[in-house]
Amino acid sequence: MLNKTDLKNAIAKTNRGILANANDRQVIASIIARVEDLNPTPNPLSAPDLLAGDWRLLYTTSQELLGIDRIPFADLGNIYQCVRPEVSRIYNIAEVNSLPFCEGLVSVVADFAPAPAEESILDTASADSAAEVAVATNVKTDVKTDIETLSQRRVNVKFNRAIFGLQRTLGYQSPAQYIDQIQSTEKFSFLKGIDFAINADRQQGWLEITYLDKDMRIGRGNQGSLFVLTKDA
């Protein structure tokens, strides 16, 4: 049976997907599906300790991310998705390699929340529980109660802040250190970088976590993109 090792071997030669051709993507997608079947954490949103951390991208099909590599005189460096469940926030950070002392940084901040479950069909026992909740919250009900349940795998994501600049002027050393700066700085000065708010109503989507263990996470985005990440120590 195909496993994580097979997946890592398949994506190793693709430079995170930049060098992958159509056949590579098809083979990798098939392996990912097999690995997802082995998911040891079926309810990842109930495992914040596993979910939290700085996750480095190993592979993606997202053209939005891979397109950064097409910037003239620049190469895409490490890409991180740093998850902070305690504040329901995600920090996407892309390092851009360029001429010496001109290395760049692209970062986007987003809030996330569990998405409503796609289906909420209550059986008799669930209906009884729903009625109990209605009584406890002083809501009158004379018919079968339908409670909106939340997904344990999918989160809605709303992007709200973007920061572009040089790593040197932004004082970038590591994802964790940089995130501390972002959290403590309402807005970076123009001398450090370009820091602006994003209209969250226009920039939103969802991400479904389809595999999670102590060092690997696989996700599927609302635009059909695949993401494979490893947790940095």
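Going through the stretch 204-218 one residue at a time, which ones are out of contact with any Pro (no Cβ under 7 Å at 6 or more places or on another chain) and touching a residue at least 60 places away in the same chain (Cβ under 8 Å)? Reasoning before the result, please.
Of the stretch 204-218, the ones out of contact with any Pro (no Cβ under 7 Å at 6 or more places or on another chain) are 204-208, 210-211, 214-218.
Within the stretch 204-218, Trp206, Leu207, Thr210, Tyr211, Lys214, Met216, Arg217, Ile218 meet the criteria.
Has the stretch 30-37 got any residue that is under 29 Å from Ala113 (Cα atoms), touching a Pro at 6+ places or on another chain (Cβ under 7 Å) and assigned to a loop (DSSP other than H, G, I, E, B)?
No, the stretch 30-37 has no match at all.
Please verify whether the stretch 63-72 includes one or more residues that are touching a residue at least 24 places away in the same chain (Cβ under 8 Å), part of a loop (DSSP other than H, G, I, E, B) and over 16 Å from Asn92 (Cβ atoms).
yes
Within the stretch 30-38, is there a residue that is under 19 Å from Asn222 (Cα atoms) and of a type in the set (Val, Ile, Thr)?
So far as the stretch 30-38 goes, yes, one or more of its residues are under 19 Å from Asn222 (Cα atoms) and of a type in the set (Val, Ile, Thr).
Only residues that are among the β-branched types (Val, Ile, Thr), in contact with a Leu (Cβ under 6 Å, 6 or more places away or on another chain) and more than 24 Å from Ala94 (Cβ to Cβ): list them for the stretch 1-56, please.
The answer is Ile31, Val35, Thr41.
Among the residues of the stretch 1-44, which ones are farther than 24 Å from Glu64 by Cα, among the hydroxyl-bearing types (Ser, Thr, Tyr) and surrounded by 11 or more Cβ atoms within 10 Å (Cβ to Cβ)?
Selection gives Thr41 alone.
Quickly run through the stretch 45-61 and pick out the residues that are surrounded by fewer than 18 Cβ atoms within 10 Å (Cβ to Cβ) and among the small types (Gly, Ala, Ser).
Ser46, Ala47, Ala52
If a residue has to be within 19 Å of the chain's Cα centre (by Cα) and surrounded by fewer than 13 Cβ atoms within 10 Å (Cβ to Cβ) to count, how many in the stretch 85-109 make the cut? First the steps, then the outcome.
Our first condition is that a residue be within 19 Å of the chain's Cα centre (by Cα); within the stretch 85-109, this holds for 85-95, 105-109.
Still in the list and also surrounded by fewer than 13 Cβ atoms within 10 Å (Cβ to Cβ): 86-87.
Total meeting the criteria: 2.
Let's see how each residue does on (1) surrounded by 15 or more Cβ atoms within 10 Å (Cβ to Cβ); (2) within 17 Å of Trp55 (Cβ to Cβ):
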| site | (1), (2) |
| --- | --- |
| Lys158 | yes, no |
| Gln173 | no, no |
| Gln181 | yes, no |
| Leu191 | no, no |
| Ile209 | yes, yes |
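In contact (Cβ under 8 Å) with a residue 24 or more places away in the chain and not in a loop (DSSP other than H, G, I, E, B): which single residue out of Leu45, Leu2 fits that description? Steps first, please.
Values: Leu2 fails: not in a loop (DSSP other than H, G, I, E, B).
Just a single option satisfies the conditions, and that option is Leu45.
We did not get these values from a lab; they are worked out from the coordinates using the rules stated. Only a predicted model underlies this, so the values are computations on that prediction, with no experimental measurement involved. Quick reminder, even Gly has a Cβ in these numbers, built from the backbone with ideal geometry, and neighbours come from all protein chains shown.
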